[in-house]
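Asker: Would you mind keeping the following structure in view while I ask a few things?
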Amino acid sequence: MISPQRIWWRPLSRPEKSWLIVAFVWCLFLTAMMPLWLLLGRQNVPANTYRVDPADYTRIVQDFVEQYQVDTLSGVPVVEPPPGSDVYLLARQWQWYPILKLKKGETYHLHISSVDVQHGFSLQPVNLNLQILPGYDNVATIVPTESGEYNILCNEFCAIGHHIMASKLIVTD
């Protein structure tokens, strides 16, 4: 067996050194930007998560529906809570319950939880996404800025009926 030459590698050429320096500086820049994106980014959802018993959460949602129901669409109650209040949404196979009717420009505290399996809350076309787990109450502060109907979809596979798990959020003037 023959050993390799004393200097078996070739030194970097000028263009190779330049690209290596550019790549290193770019990595440093992106590493420094990550905490800034987290702290200053408007993409962060203003949400908190708390532990909750699924049975207790179901009772809270039922009380919420009984108190603020104004209509029914396809057998699902439509609720219109007062501005500034807590708004409850329940994820269960394969339904979002109830349909929410909110006022444009008002602040709401949106509570979302699941009673059975993991779900994904996706509000389109706003692109608000939350991971919804059983036993956890996700609370997001929202202010609807435009009137209209927004689609609520489940973006986490939750078994055979996942494709029908859709609802809407109605925003009025």
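Just so you know, all these numbers are worked out from the coordinates, no wet-lab data involved. In this text the structure is predicted, and so the values were computed from the model without any measurement. Backbone-built Cβ (ideal geometry, glycine too); neighbour counts: all protein chains shown.
Asker: Considering only Arg92, Arg42, Arg59, give the residue with the highest GNM mean-square fluctuation for the chain, with springs between Cα atoms whenever their separation is below 10 Å.
Answerer: Greatest mean-square fluctuation among the candidates belongs to Arg42.
Asker: Hey, another quick one. If Lys and Arg each add +1 and Asp and Glu each add -1, what is the summed charge of the other residues whose beta carbon sits under 12 Å from the beta carbon of Ser85?
Answerer: Result for the local shell: -2.
Asker: Sketch the reach of a paramagnetic label on Ala159 as a point 7 Å from Cα along Cα-to-Cβ, and name the residues of the stretch 101-139 whose backbone nitrogen lies under 18 Å away.
Answerer: Those under the cut-off are 113-121, 132-136.
Asker: Helix 54-68 versus the longest principal axis of the chain: what angle, 0 to 90°, nearest 10, using Cα atoms?
Answerer: Relative to the chain, helix 54-68 is tipped by roughly 50 degrees.
Asker: Nearest 10 degrees, 0 to 90: what angle lies between the long axis of helix 14-40 and the longest principal axis of the chain (Cα atoms)?
Answerer: The answer is roughly 20 degrees.
Asker: State the label only: which of [x] 2, 9, 18, 23, 22, 15, 8, 3, 1, 0; [y] 1, 8, 13, 17, 16, 10, 6, 4, 4, 4, 4, 4, 4, 3, 2, 1, 1, 0; [z] 1, 8, 17, 21, 22, 19, 10, 2, 0 corresponds to P(r) over Cα pairs in 5 Å bins from 0, in percent computed from the shown model?
Answerer: Given [x] 2, 9, 18, 23, 22, 15, 8, 3, 1, 0; [y] 1, 8, 13, 17, 16, 10, 6, 4, 4, 4, 4, 4, 4, 3, 2, 1, 1, 0; [z] 1, 8, 17, 21, 22, 19, 10, 2, 0, the structure-derived one carries the label [y].
Asker: Testing the spin-label approximation: label points 7 Å from Cα along Cα→Cβ at Ser18 and Leu36. State their distance in nm.
Answerer: The answer from the label model is 2.6 nm.
Asker: Nearest 5 percent is fine: what portion of the DSSP beta bridges confined to the stretch 47-172 is antiparallel?
Answerer: Of the beta bridges lying entirely in the stretch 47-172, close to 70 percent run antiparallel.
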